[in-house]
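The values are calculated or read from the model by the stated rules, or taken from the named source; none is laboratory data. Because the structure is predicted, anything quoted here is derived from the model rather than measured. We place every Cβ from the backbone using ideal geometry, glycine too, and count neighbours over all the protein chains shown.
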Amino acid sequence: MIDGEVVALDKTGKPSFNLLQGFGGGASAIVLYAFDLLMLQGKDTRVWPLEERREQLRQIVLHLPEAIRFSEMFDVLLSELIREVRQHQLEGIVAKRAGSEYRSGARSADWLKWRANRGQEFVIGGYIPNGDVLDSILLGYFIGRNLMYAASVRAGFSAEFRRVLLPHFEETPGRSLSVRQSPRSGGRTLG
């Protein structure tokens with residue numbers, strides 16, 4: 001039994017989560033990147049050191065169809081790896097501690113996942129009042145010149161802050177904004 005991740009590759013061979021969500025439509029290939037070995041011929045390998053599991057896995061993958069690929073390890077400076085991941089607009093990095101055991105279903109400091117290229121700027125496009133307090137702030141983002149509705153944010157505001165903040169929003173001159181995927185009714189836009 002192996003642990004891995006199913007990945008849709010675009011025409012350039014780059015992983016594309018969007019293509020995978022569309023069940024591979026437009027993907028040039030759907031592959032499984034194998035990165036760990038959990039069982040081998042009925043024997044639990046999770047207690048083996050990472051290097052032993054991966055070496056056995058490498059040998060197994062050599063005899064499997066091309067759609068199952070070995071996920072390579074990179075022994076480089078972290079700063080270099082991060083630079084390459086960002087430059088190639090990849091999702092991120094998974095790091096496992098050398099010599100570590102496999103821990104099923106448990107978070108561990110031996111296994112870290114770092115996501116890259118995931119920043120998004122949002123604008124406050126409006127608000128929703130609730131009596132004399134602020135119910136929520138409406139956030140959006142731009143795609144070209146189109147303002148796209150992203151979310152209604154309610155969490156993190158104390159009752160007092162909601163009371164103090166509402167008059168500031170009400171004093172801000174409003175104007176009609178063309179918002180794609182607009183939220184529920186009752187929201188007011190800001191200028």
Residue list for region 67-107, restricted to those being of a type outside the set (A, V, I, L, M) and more than 18 Å from GLU5 (Cβ to Cβ): ASP75, SER79, GLU80, ARG83, GLU84, ARG86, GLN87, ARG97, GLY99, SER100, GLU101
Would you check if LEU62 is in contact (Cβ under 8 Å) with a residue 12 or more places away in the chain and either under 18 Å from PRO15 (Cβ atoms) or not aromatic (Phe, Trp, Tyr) (or both)? no
Working carefully through the options GLY99, GLY105, GLY131, find the one that is out of contact with any Pro (no Cβ under 6 Å at 6 or more places or on another chain), outside the structural domain of ALA155 (by TED's automatic domain parsing) and on the phi > 0 side of the Ramachandran plot. GLY105
Of those in region 67-82 that are of a type in the set (D, E, K, R) and more than 16 Å from LYS14 (Cα to Cα), the residue modelled with the lowest pLDDT is ASP75
So which strands (runs of 3 or more DSSP E) are wholly in region 38-135 and hold at least 1 residues that are over 30 Å from LEU165 (Cα atoms)? 68-70, 92-96, 111-115
Residue pairs, Cβ under 7 Å, 6 or more apart or interchain, first in region 1-15 and closer than 30 Å to GLY42 by Cα, second basic (Lys, Arg) and modelled with pLDDT of 90 or more. List them. none
Might you let me know whether region 87-105 holds any residue that is farther than 26 Å from GLU51 by Cβ, buried (at least 16 other Cβ atoms within 10 Å of the Cβ), of a type in the set (A, V, I, L, M) and without any contact (Cβ under 8 Å) to a residue 40 or more places away in the chain? no
Among residues of region 67-81, those that are without any contact (Cβ under 8 Å) to a residue 40 or more places away in the chain and surrounded by 15 or more Cβ atoms within 10 Å (Cβ to Cβ), counted: 3
Which ones in region 11-20 are outside any strand (DSSP E or B) and within 18 Å of the chain's Cα centre (by Cα)? LYS14, SER16, PHE17, ASN18, LEU19, LEU20
